[in-house]
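Following: one structure in structure tokens, then a few remarks.
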Amino acid sequence: MNVERTTLKEFCDMVADKTPTPGGGAVGAIVAALAAALNQMVANLTIGKKKYADFEEVMEEVLENMNYSREKLQQLAYDDIKAFNKVMEAIKIPKDDPTRSEKLQKALKEAADIPFELAREARNVLKFSQVTSKHGNKNAISDAYSSAELAYAAFRIGMYNVLINLSSIKDEEFVRKYKEELEELKNEVEGIYKSIRELVKENGFEI
């Protein structure tokens with residue numbers, strides 16, 4: 001499936017279908033890509049405004065980084081579908097085939113790696129949501145906050161998909177390493193998200 005050439009309706013229809021792909025990982029990647037796009041929009045609406053002249057350079061940085069993230073996340077959506085399909089192919093190998101276990105474990109590791117990369121990239125997007133939330137055009141501040149919420153959700157989606165694959169991986173060292181790195185990433189993300197939520201409250205966007 002070419003994610004970039006798929007319409008929103010087609011993508012939603014495929015997610016809703018009886019097939020397991022595209023699933024949560026691919027959806028999370030698209031959600032994170034939309035979060036990046038919102039950050040770009042806020043930056044574009046900030047650049048060139050006299051009131052925000054002091055933040056022009058940082059908004060240019062937002063544009064550059066979020067363009068990279070958006071393209072990478074769209075690729076991750078495709079990669080997640082491919083990785084899961086490899087797992088399904090390995091599962092279908094006859095159980096008496098001596099290569100089945102090795103192939104399945106390899107596929108599961110690849111399937112864990114893609115959502116882990118999603119989690120890392122969602123963290124990066126959230127960092128720039130913090131920037132747009134602090135310094136972006138106030139007329140578009142709700143879009144900066146929306147970006148943060150989407151990036152945070154995408155991070156957790158990535159985390160869930162890593163963990164479900166780790167639960168079937170027999171390599172204890174691999175599992176330990178991934179869980180430790182994921183916990184570090186989670187702590188960082190929670191800190192960034194908390195600071196954005198404080199901005200949300202300070203600016204009166206809580207009911």
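Along the three principal axes, how long is segment 8-202 when you take its alpha carbons, biggest first, rounded to the nearest angstrom?
The Cα atoms of segment 8-202 stretch 70, 37, 26 Å along their principal axes.
State the extension gain, in nm to one decimal, for the chain segment bounded by residue 4 and residue 82, taking 0.36 nm per residue of separation less the distance between their alpha-carbons.
26.6 nm
Residues with amide H under 5 Å of residue 137's amide H, sequence separation 5 or more or different chain, H placed in the peptide plane at 1.01 Å from N; which?
Amide H neighbours of residue 137: 46.
Please give the contour-minus-distance gain from residue 92 to residue 173: 0.36 nm per residue of separation, less the Cα-Cα distance, rounded to one decimal in nm.
On the way: separation 81, 0.36 × 81 = 29.16 nm, distance 2.64 nm.
Extra length from residue 92 to residue 173 when fully extended: 26.5 nm.
Name all residues of segment 149-176 having a backbone nitrogen under 20 Å from the label point set 7 Å from the Cα of residue 206 along its Cα→Cβ direction, giving them as ranges.
Correct set: 149-153.
Pop the C-beta distance of residue 15 and residue 198 into the FRET formula with R0 = 30 Å and round what comes out to the nearest 0.05.
0.35
Go through segment 193-207 residue by residue and turn each phi into a ³J(HN,Hα) via Karplus (6.51, -1.76, 1.60, θ = phi - 60°); whole Hz please, and just put x for glycine and proline.
Per-residue couplings from phi come out as 4, 4, 5, 5, 4, 5, 5, 4, 5, 4, 8, x, 9, 10, 10 Hz.
For segment 184-205 and segment 6-84, what is the separation of their Cα centres, given in Å?
So the two Cα centres are separated by 20 Å.
Among the lysines, select those whose C-alpha is under 25 Å from the C-alpha of residue 177, and discard any that sit fewer than 8 residues away in the same chain.
Partners within reach: 72, 82, 86, 103, 106, 109, 127, 186.
What relative contact order, as a whole-number percentage, does the chain give when Cα pairs under 8 Å and 6 or more residues apart are counted?
Contact order relative to length: 26 percent.
Throughout, read-outs are computed from the coordinates displayed, never taken from laboratory work. Predicted, not measured: the structure shown is a model, and the values here were computed from it. Glycine gets a Cβ as well: all are built from the backbone with ideal geometry, and neighbour counts include every protein chain shown.
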